[in-house]
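Trainee: What follows is a single structure, and I will ask about it in a moment.
The values are calculated or read from the model by the stated rules, or taken from the named source; none is laboratory data. Computed from a predicted structure; not experimentally measured. Cβ placement follows ideal geometry from the backbone for every residue including glycine, while neighbour counts extend to all protein chains displayed.
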Amino acid sequence: MPHQDPPPHATRPESPSDELVLAAIARGVRHRARDTPGVPAWTILEHLGIPRRSGAARHVRERLDAMHAAGLLQRSRRHSVPTWELSDVGLSHLHDSGSANEAELPESPQHRAWRAARALAAHELERFREDVRTRLGLAADALEAEPPTDSDTWFELAEELQRACRRLASASYCMYEWVEPDDAHADVDQHVEPGDERLEPAERAVRRARRAGRRNTRLWGERHDC
């Protein structure tokens with residue numbers, strides 16, 4: 001997903017305390033999708049619910065440098081972008097300040113993504129089902145057509161039906177199968193489902209490839225494959 005500021009209801013306009021910034025970094029590191037140390041500033045701001053272009057964001061960026069100078073943070077770079085993680089001193093400081101700091105953080109980005117996808121799926125599922133019904137009906141009519149339906153029409157119907165079925169599959173997954181994230185760990189779709197281990201390796205690989213993008217609601221547009 002593209003990096004976006006949190007929606008208005010999630011923003012925290014006040015400048016956060018250092019302890020809250022440390023809690024946001026700790027949660028951001030825990031939720032990162034890649035097995036790399038540290039998170040960039042925009043991730044920290046997302047976990048704080050702060051728009052990137054705001055006075056509070058400038059305050060956070062200043063505090064990152066200050067906390068790094070104080071030994072609370074470690075700084076590294078990924079593709080020339082500064083990233084941050086807690087040092088041992090920072091971890092000890094966060095632990096000493098109590099677990100209430102993370103409880104004060106707004107809804108995590110990964111939980112917000114799950115909730116938004118589920119709400120959109122609930123809104124769109126029946127429309128997607130009806131779309132599949134309609135396209136199946138067109139295919140059934142084409143089977144009975146006289147003179148026989150030409151190949152170009154069948155190719156077009158195949159593409160449209162595939163798009164419709166993938167939209168429906170993605171929305172169904174988001175509504176019924178995507179388990180609510182636990183902020184104790186990163187919610188990364190590994191395209192794995194119970195029972196996969198009983199499949200032959202080739203079939204397992206095919207199924208996992210089909211599941212790619214199933215959480216991406218941006219692909220539910222009429223002219224995009226899901």
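Trainee: Quick check on my filter: what residues within the stretch 62-77 are assigned to a helix (DSSP H, G or I) and either of a type in the set (Phe, Trp, Tyr) or under 13 Å from ILE25 (Cβ atoms) (or both)?
Mentor: Result: ARG63, LEU64, MET67, HIS68.
Trainee: Now for a separate question. Of all residues in the stretch 35-61, which are assigned to a helix (DSSP H, G or I) and charged (D, E, K, R)?
Mentor: If the condition is that a residue be assigned to a helix (DSSP H, G or I) and charged (D, E, K, R), then GLU46, ARG58, ARG61 are the ones that fit.
Trainee: If I filter the stretch 146-181 down to residues being part of a loop (DSSP other than H, G, I, E, B) and free of Cβ contacts under 8 Å to residues at least 12 places away in the same chain, which single residue comes out as nearest to TRP220 (Cα to Cα)?
Mentor: VAL179
Trainee: Could you give every pair whose Cβ atoms fall below 7 Å, whose first residue belongs to the stretch 74-89 and is aliphatic (A, V, I, L, M), and whose second residue is not in a loop (DSSP other than H, G, I, E, B), counting only separations of at least 6 or pairs across chains?
Mentor: LEU86/LEU22; LEU86/ILE25; LEU86/ALA26; LEU86/LEU73; LEU86/LEU94
Trainee: Please work out if ALA186 is over 30 Å from THR36 (Cα atoms) and of a type in the set (A, V, I, L, M, F, W, C).
Mentor: It is false that ALA186 is over 30 Å from THR36 (Cα atoms) and of a type in the set (A, V, I, L, M, F, W, C).
Trainee: Looking only at residues that are outside any helix (DSSP H, G or I) and at pLDDT 95 or above in the stretch 196-226, which one is surrounded by the fewest Cβ atoms within 10 Å (Cβ to Cβ)?
Mentor: Looking at residues that are outside any helix (DSSP H, G or I) and at pLDDT 95 or above, I get GLU200.
Trainee: Restricting to the stretch 107-137, and then to whatever is exposed (fewer than 14 other Cβ atoms within 10 Å of the Cβ) and of a type outside the set (Lys, Arg), can you tell me which residue is farthest from PRO181 (Cα to Cα)?
Mentor: Selected residue: GLY137.
Trainee: Now a separate question. Looking only at helices (runs of 4 or more DSSP H) that fall completely inside the stretch 78-145, which ones have 1 or more residues that are farther than 30 Å from PRO16 by Cβ and within 24 Å of the chain's Cα centre (by Cα)?
Mentor: Ranges flagged: 109-144.
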